Amino acid sequence: MKIIKSIAELKGELNANKGSLGLVPTMGALHIGHQSLFKKAREDNDFLAISLFVNPSQFGPDEDFDKYPRNINKDLDILNSDNVDLVFMPDIQEMYPSGFLTNVVVDKLADVYEGLHRKGHFNGVSTVVTKLFNVFKPDRAYFGAKDAQQCAIIKRLNIDLNLGVDVIICPTVREDSGLALSSRNGYLNIDQMEAGLLISRGLFKSKELFDSGEKNIVNLCKVARNIIESNSLCQIDYLDIVNCETFDLQTDLDQNSIMIVAVRIRNIRLIDNIEIK
Ligand code: AMP
């Protein structure tokens, strides 16, 4: 596996590769959720590249950029064992050299839900993903459904800016308990973990009710909300059923309906979602 830190060197490597290229952007602290993306990308492509970059521009001033989990050696072991061809690990200067001024802003989609609670977050995500797409020019890029709004934004910018990448969304990988895997789960103590389990439990219960005939959006949301709020550690930032492409609130359920939720457990923020179809 090649470890590459500069864009110039990366371009040289990519030019030498003639097969199809799959890219999985990550911020490291890799877990089985990330590995499910690597596996799918490995199956689909001749050449598999991973980027590992904790992107400062997607963290707000009060967020966890400094203490975001970083474990390069463990990550490299995982990447090696997953048959990755190349890992791109730029430093901040390489991605944002002095004089950097440009921001990619996906209007409207970036302002609601996560965007409302994490000002500027999606501009950081959109900008770094656009840069990665421009540098790698991958045939396919892989993202996790767990970050549903991020998926909608990346699909949108890829179309709007004619980037021509096949954006592939992979299912959320969960613990046996239902908790969606996340690099931030490591922040949870035992009590907080117990509270966190209620998030997926609430989503699953709503889906179960939907499958057994309940089609009333207010009722479906109420059921999930009650389960999550049964633990006083859980503070819901939002819980709604929206269109997974536009993030407009839905009044009627259809093929694009997803229930999205963000919960604060003390200062740890967890997000999750489930298809309601
Ligand atoms: P991150 O390193 O958190 O930026 O995540 C890198 C990619 O992995 C993103 O596309 C995430 O949506 C995806 N991802 C994170 N957690 C999971 C999970 N539990 N299941 C599937 N994909 C995930």
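The values are calculated or read from the model by the stated rules, or taken from the named source; none is laboratory data. Bear in mind that the values here come from a model prediction, so they are computed numbers and not experimental data. Please note: Cβ atoms are built from the backbone with ideal geometry, for glycine as well, and neighbour counts cover all protein chains shown. Areas reflect the complete protein model, heavy atoms only, side chains present, ligands, DNA and RNA absent. Shrake-Rupley method; radii C 1.70, N 1.55, O 1.52, S 1.80 Å.
So which lysines pass the test for Lys205, namely a Cα distance under 21 Å, with those fewer than 8 places away in the same chain ruled out?
Filter leaves Lys146, Lys215, Lys222, Lys277.
Grab the Cα-Cα distance for Glu194 and Asn15, subtract it from 0.36 nm times how many residues apart they are, and report the gain in nm with one decimal.
Residue separation times 0.36 nm, minus the Cα-Cα distance, leaves 59.6 nm.
Which whole-number value in Å³ per residue fits the convex hull of the alpha carbons of region 183-272?
Values: hull volume 8.6 nm³, N = 90.
Given the Cα convex hull of region 183-272, per-residue volume reads 96 Å³.
If you stretched the chain out fully between Arg266 and Thr102, how much longer would it get, using 0.36 nm times the residue separation minus the C-alpha to C-alpha distance? Don't skip to the end; give the middle numbers.
Values: separation 164, 0.36 × 164 = 59.04 nm, distance 3.43 nm.
That works out to 55.6 nm of additional length.
Can you compute the modelled spin-label distance between Asp166 and Asp44, with each label point 7 Å from Cα toward Cβ, in nm?
Taking the simple label geometry, Asp166 and Asp44 are separated by 0.7 nm.
Over region 9-97, with the other protein chains present, what is the accessible area per residue in square angstrom, probe 1.4 angstrom?
Accessible area per residue: 47 Å².
Using the heavy atoms of the protein chains alone and a 1.4 angstrom probe, what is the accessible area of region 158-231 per residue in square angstrom? Walk me through the numbers on the way to the answer.
Numbers: 3950 Å² over 74 residues.
It amounts to 53 Å² per residue over region 158-231.
Tell me, what does the Kirkwood hydrodynamic radius of region 87-216 come to in angstroms if you use every pair of distinct C-alpha atoms? Please list the in-between numbers first.
Numbers: mean 1/r = 0.0578 Å⁻¹.
Every distinct Cα pair counted, the radius reaches 17.3 Å.
Mind listing P(r) for region 2-170? All alpha-carbon pairs, 10 Å bins, whole percents.
10, 39, 40, 11, 0
Any chance you could check the Cα centroid distance between region 102-127 and region 259-275 for me, in angstrom?
Value for the Cα centre distance between the two parts: 18 Å.
How large a share of the accessible area of region 183-272, in percent, is made up of carbon and sulfur atoms when the probe is 1.4 Å and the other protein chains stay in place?
Its accessible area is 47 percent carbon and sulfur atoms.
Points 7 angstrom from Cα along the Cβ direction at Arg174 and Asn73: gap in nanometres?
3.5
What is the helix-to-structure angle for 190-211, meaning the angle in degrees between its Cα long axis and the longest Cα principal axis of the chain, kept from 0 to 90 and rounded to the nearest 10?
70
Using alpha carbons only, what's the Rg to Rh ratio of region 84-130 with Rh from Kirkwood?
Numbers: Rg = 13.2 Å, Rh = 12.3 Å.
Here the Rg-to-Rh quotient is 1.08.
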